[in-house]
1. Give me the one-decimal nm value for the distance between modelled label points at S159 and K71, 7 Å along each residue's Cα-to-Cβ direction.
2. First select every other residue whose beta carbon is under 15 angstrom from the beta carbon of N139; then total the charges, Lys and Arg +1, Asp and Glu -1.
3. Hey, got the dipole for the chain? About the Cα centre, +1 on K and R Cβ, -1 on D and E Cβ, debye to the nearest 20?
4. For the range 4-110, build the charge dipole from Cβ charges (+1 Lys, Arg; -1 Asp, Glu) around the Cα centre, then report which of F48, T6, L64 sits farthest towards its positive end.
5. Of M59, M334, how do they rank once you tally other Cβ atoms within 10 Å and put the fewest first?
6. For D46 and E209, compute 0.36 nm times the residue count separating them, minus their Cα-Cα distance, and round to one decimal in nm.
7. For the charge dipole of the chain, defined by +1 on Lys and Arg C-beta atoms and -1 on Asp and Glu C-beta atoms about the Cα centroid, which residue among A284, Q168, P210 has the Cα displaced farthest towards the positive pole?
8. Only helical DSSP H runs with n ≥ 4 go in: add -39500 (n - 2.57) per run for the chain, normalise by residue count and round the 222 nm mean residue ellipticity to 500 deg cm²/dmol.
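Nothing in this text is a laboratory measurement; each read-out follows from the coordinates by a stated rule. Computed from a predicted model, the values in this text were never measured in an experiment. For neighbour counting, all protein chains shown are included, and Cβ atoms are generated from backbone atoms with ideal geometry for every residue, glycine included.
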Amino acid sequence: MINTYTSYQLITRDIDKSMSRVQKQPLVDRETKYYLENITKVKSIDEFVDNPRLFKYAMKAFGLEDMSYAKAFMKKALKEGISDPDSFANKLTDKRYAEFVSAFNFADHGSEATVYNKAQQLAVENFRAQAVIRGIDPNSDEVKAANQYYLTHIVDVKSIDDLMADDQLFAYAATAFGMDPEVDTKDFLRKILKGGVRDPDSLANKQSEPRYAAFATAYNFEAFGEEATTRNPAQLSVTEKFYRQTLEEDAGQQNEGVRLALYFQRKASGITSFYQVLGDKALAQVVRTVLGLPDSFVQTDIDKQVKYFEQKLKVEDFSDAKALEKFLTRFTTMWEIENPSSPAQASLSILFSQPPEYGVSTNLLLAIQKMRS
């Protein structure tokens, strides 16, 4: 049987190929087609939650499949949305609920929630608002004609160059986000779009005025490429998440360590503190395994657990590709030692059960007992 490290490497070496294999599974293909054909027809929370096939697909995509039965719970989360920091979803410790509500944002977008795209609907909303600011009736023929041209042609835009090449489209987009033609030239806005918003130090994020980050978020070619003007959180991003969840589940049926490694890899870039790690059972298990900590460590005071993690690891390494790869190599190796894939691996594990860097010494066990007391 293939060991944990090798299984993980075989999947991640070409993750696109691995995801493609998942997509081709008959059940996955059938359910995805049904989802994409029907999700855009959903115009309300009740329609969404009361369609078990659609709802279960969406819930699985966000790792919430076990909560598919809790319709009243999810309706409450969806109704309150995420705009208010004190909304139901935002107050839940598990951030998967807020991510789910963000994708199906009926609270903010109403009947358009399942078709909403910032480069489309948001731009039109903003353009209408700008018309009001300039004393122009947003329902005038001039504004209607501009809206129609924009919505007809923006979906064909596949790159920054495409957007810049159509003067009418570009002028509409710039106006919608409050750009000043005297200051915000095409060259400057091209640089804004190229930098995107994922990097905190990108040009858009470094500007004092938020309109630049809003512009780069709406026309997010840096992150989504050709799909920037058509991508919708309730459609494509959900199917991608569904494929990834299925990939991880399939891997877990063969080896739980591989599932945990894939899960940690997916979540790693969003980890900003070890409190966040402790709030997620799977993430915490990976970290404890890497550090060679016994199960009893979970009973230690949370603040002391975090302090210990901080002494041994740097949370910022989880956002660094090379450091993360090294970390997960350690995890899959340690997991294999503790959970051998074969009898041969079990005998070998005796030789390596106390790696010098991560093994649990008697002194550490005594220290853990002191921390608990």
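1. For S159 paired with K71, the spin-label model returns 4.9 nm.
2. -1
3. Values: 47 positive and 53 negative charges, 227 e Å.
In debye, rounded to 20, the chain gives about 1080.
4. With unit charges placed on the Cβ atoms, the residue in question is T6.
5. Values: M59 22, M334 25.
Going from least to most buried by this count: M59, M334.
6. Full extension of this stretch gives 54.8 nm more.
7. A284
8. Working: 25 runs with 232 residues, N = 373.
Rounded to the nearest 500, the figure is -18000 deg cm²/dmol.
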